[in-house]
Amino acid sequence: MPKVKIPRKSIIVDMTAMTDVAFLLLTFFILTAKFRPSETVLVDTPSSRATEQVAEDIIMITVDQDGGSFLTLYTTRRVATLNSLIERYGEKYPSLRTLDQKQINNFGNIETFGYNINQLPALLKLSKDELKEKESEKMPGIPMDSVDAQIGDWVNAARATGLDAGLEIPIAIKGDKSSNVTAVKDIIETLRKREIYRFNLITSLEGKID
Amino acid sequence: MAQLDTSGGGGRHESKLKAKKMSTNVDLTPMVDLAFLLITFFMLTTTMSKPVAMQLAMPKPIEDSTKDKGEDVKASQVLTIILDKDDVIWYYEGIPEELTPATLEKTTYAPNGIRQLILDKQAKVNAQFQEPDKTICLIKTTNDAVYKNIVDVLDEMDITKTKIFAIQNMSEVETQAVAAKWQ
């Protein structure tokens, strides 16, 4: 009887294909991942059970630990918002009218804004590098007391840019865990007077399930 | 054309010395390991910090309180929650006019604190009215409460499925009662 020899198969598997797939996936994830925009205002949000995702085109009011309020607008809305604000405050602060188109466009680069509007001309006259430097400084916040409720005007102006196109831009409030609740309530109260009743409170996902 | 001459020697038959052929197979297993490790890392870190939004609808301010009174509310439907500093919650049932420091009680944010309290209240109100969702929670905050507190309580409203709740300002009686509690 002839011996049947089973040919020994090599146990080495070619890994090339697998490497290809793995790196393809890796490249895909790296390219599709979006960087979180650098936050000029540091805020540690409280966690909640809410699961609704936040849209990109929102009007966001950040309230930091010290109760200062800051405005973040979607990139395409910034210049239009500023234009209507200049119209509104031009009489009170004539320096706003001296801004040229280039300086107004400069506002589009400001991610988060937190100054009194009368400081705006000086801010926009800075060059790009100076502006970057300025961003690392602590901003004083937008005035929001009942005498000078600028934050309300900002939100109204930003909202109007959406309403013109028939779009209701959601308004989000992002507060720090340990910021005073009165500061947040003040903002809500200011906006309620301007007939805004719906808010999104930005929170982080609850880690533990209880 | 674009080939390397690997025959070695080339006509020189007297030389029997041949260079040992090296295997061109490279073990790619560690490379795959590394790639998948990186994929896992990127996937985990990108999904970690996604902000979510909690919906909050505030009522329209009523200019003329005599014109629009709305639905009548019975005192037994109402649970008032007052958020204070150091994560303290004060609560009382019924109308604020009858509030005394003695009827103001204290609870915490633990599940067996405020959540159990609301659930108990709901059970009581449901039994009384034979109708669900009649419980009303009034949320008030002192000036020393932090933002996290109000988010936590709004979360509890969602967990206990309380349909009617409102964020209001403290009344004079309540402020006094809370102040008396701290003494």
Picking from A:Thr112, A:Thr161, which residue would you name as being touching a residue at least 24 places away in the same chain (Cβ under 8 Å) and in contact with a Phe, Trp or Tyr (Cβ under 6 Å, 6 or more places away or on another chain)?
A:Thr112
If we scan the range A:16-38, do we find a residue that is aliphatic (A, V, I, L, M), under 12 Å from the mean Cα position of the chain (by Cα) and within 13 Å of chain B (Cβ to nearest Cβ)?
no
Can you tell me which residue in the range A:110-125 is nearest to the chain's Cα centre (by Cα), limited to those that are part of a loop (DSSP other than H, G, I, E, B) and closer than 20 Å to A:Ile151 by Cβ?
A:Glu111
Filter result for A:Thr203 (among the hydroxyl-bearing types (Ser, Thr, Tyr) and assigned to a strand (DSSP E or B))
yes
Please determine whether any residue of the range B:83-96 is among the hydrophobic types (A, V, I, L, M, F, W, C) and assigned to a loop (DSSP other than H, G, I, E, B).
yes
Where in the range A:1-109 are the helices (runs of 4 or more DSSP H), entirely inside, with at least 3 residues that are farther than 30 Å from B:Leu37 by Cβ?
A:78-89, A:101-106
Looking for something more than 8 Å from every other protein chain (Cβ to nearest Cβ) and not in a strand (DSSP E or B) - is there at least one such residue anywhere in the range A:172-179?
no
Across the range A:180-200, the tally of residues that are free of Cβ contacts under 8 Å to residues at least 60 places away in the same chain, in a strand (DSSP E or B) and of a type outside the set (Lys, Arg) stands at 1
Can you find a residue that is surrounded by 20 or more Cβ atoms within 10 Å (Cβ to Cβ) and free of Cβ contacts under 8 Å to residues at least 60 places away in the same chain anywhere in the range A:165-174?
no
Identify the single condition in (1) in a loop (DSSP other than H, G, I, E, B); (2) under 17 Å from A:Asp66 (Cβ atoms); (3) hydrophobic (A, V, I, L, M, F, W, C) that A:Val147 does not satisfy, given that it satisfies every other one.
(2)
Flag for B:Lys106 being under 16 Å from B:Thr80 (Cα atoms), surrounded by fewer than 17 Cβ atoms within 10 Å (Cβ to Cβ), under 22 Å from the mean Cα position of the chain (by Cα) and away from chain A (no Cβ under 14 Å)
no
Output yes when any residue across the range B:111-123 is in a helix (DSSP H, G or I), more than 10 Å from chain A (Cβ to nearest Cβ), without any contact (Cβ under 8 Å) to a residue 40 or more places away in the chain and buried (at least 17 other Cβ atoms within 10 Å of the Cβ), and no when none is.
yes
Please enumerate the residues belonging to the range B:126-152 that are assigned to a loop (DSSP other than H, G, I, E, B) and either within 14 Å of chain A (Cβ to nearest Cβ) or in contact with a Ser or Thr (Cβ under 9 Å, 6 or more places away or on another chain) (or both).
B:Asp133, B:Thr135, B:Thr142, B:Asn143, B:Asp144, B:Ala145
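Each reported figure results from applying straightforward, stated rules to the coordinates on display, with no laboratory input. Source: prediction; values computed, not measured. So basically every Cβ, Gly included, is an ideal-geometry build from the backbone, and we count neighbours across all protein chains shown.
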